[in-house]
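Here the structure comes first, spelled out in structure tokens, and everything after it is commentary.
None of the figures in this text is laboratory data; all of them are computed from the coordinates on show. What you are looking at is a predicted structure, and each value in this text was computed from that prediction instead of being measured. Cβ: placed from backbone, ideal geometry, glycine included. Neighbour counts: every protein chain shown.
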Ligand SMILES: C[S@@+](CC[C@H](N)C(=O)[O-])C[C@H]1O[C@@H](n2cnc3c(N)ncnc32)[C@H](O)[C@@H]1O
């Protein structure tokens with residue numbers, strides 16, 4: 001299978017960090033070769049630096065720069081995501097971040113519930129998205145971000161959306177919540193993805209990561225569980241989140257994936273709260 005450069009190279013590199021995350025060729029062929037890059041959740045800019053090197057396009061970084069805001073009451077979360085975590089030291093951190101990252105990075109500073117207005121995209125000259133990186137962890141934040149991207153007309157067929165934390169909550173809260181509530185699409189970033197899928201009639205396709213039918217390598221995955229979806233269709237009467245694991249595979253991942261097991265142990269010190277029981 002082959003598809004045109006530079007899409008091929010970029011999308012492969014995005015997926016590279018995923019052992020067992022072989023690339024779905026059909027989805028990868030849809031990937032835009034032009035457009036802006038958006039990251040929701042910048043903190044100190046570690047992954048934004050990677051994105052800015054990978055993509056030559058304008059990259060937009062959205063963050064409070066004063067750390068995590070609060071989650072919607074009643075939604076599960078974990079203590080490492082509590083208010084103020086990941087603060088790089090306030091908005092002034094942009095200047096040094098911009099210097100170290102270089103390239104064409106532009107900032108939108110503040111909580112998404114105030115910054116993501118209906119006129120922002122036009123006012124700032126934002127272009128259709130080539131890639132959207134969701135690394136803001138909380139359900140509330142991911143929902144505000146992804147919903148705004150669709151509502152602003154910045155998503156098209158071929159846009160790829162990557163989530164860093166589809167599995168963090170299901171893995172770290174397993175044992176606390178009823179197993180039936182542990183599906184990645186029922187909490188955190190995954191819940192936001194599922195809701196936006198329905199709202200905009202999106203047909204997504206998983207192109208790499210643990211959103212595809214379970215591959216043996218995915219159970220050994222120790223580093224990352226970033227999951228990437230490409231938009232195949234908009235306004236569909238048969239929307240699909242693109243999450244293609246069967247329920248039995250979700251359970252296998254929760255029980256056997258190396259990082260999932262590690263997080264469950266490591267984050268015992270950071271218990272999930274509130275303990276919503278399903
Ligand atoms: C896990 S950190 C991002 C890590 C970063 N991508 C990196 O590579 O180091 C999550 C970030 O999301 C930001 N964030 C979460 N919810 C937000 C919201 N509603 N508005 C603005 N920023 C938000 C937090 O301030 C925090 O810096």
First measure r as the distance between the Cβ atoms of residue 262 and residue 92, then evaluate 1/(1 + (r/R0)^6) with R0 = 51 Å and state the FRET efficiency to the nearest 0.05.
-> 0.90
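Under the √(5λ) rule applied to the eigenvalues of the Cα gyration tensor, what semi-axes describe the equivalent ellipsoid of the chain? Give them in Å, descending. Can you show the working numbers first?
Numbers: eigenvalues 138, 109, 66 Å².
Semi-axes (√(5λ), whole Å): 26, 23, 18.
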So, by mean Cβ neighbours within 10 angstrom, what's the order for 124-137, 67-80 with the highest one leading?
-> 124-137, 67-80
Counting only DSSP beta bridges with both residues in the chain, what percent are antiparallel, rounded to the nearest 5?
-> 35 percent
How large is the convex hull of the Cα atoms of segment 47-158 per residue, expressed in Å³ as a whole number?
-> 116 Å³
Here, segment 124-175 modelled as identical Cα point scatterers in vacuum has Debye log10 I(q)/I(0) at q = 0.23, 0.32 Å⁻¹ of -0.89, -1.27
Between 154, 116, 54, which gets the highest mean-square fluctuation from a Gaussian network model of the chain, Cα cutoff 10 Å?
-> 54
Computed over segment 5-271: relative contact order in percent, which uses C-alpha pairs under 8 Å that are six or more apart | 22 percent
Contour excess over end-to-end distance, with Cα ends at residue 13 and residue 114 and 0.36 nm allotted per residue = 33.0 nm
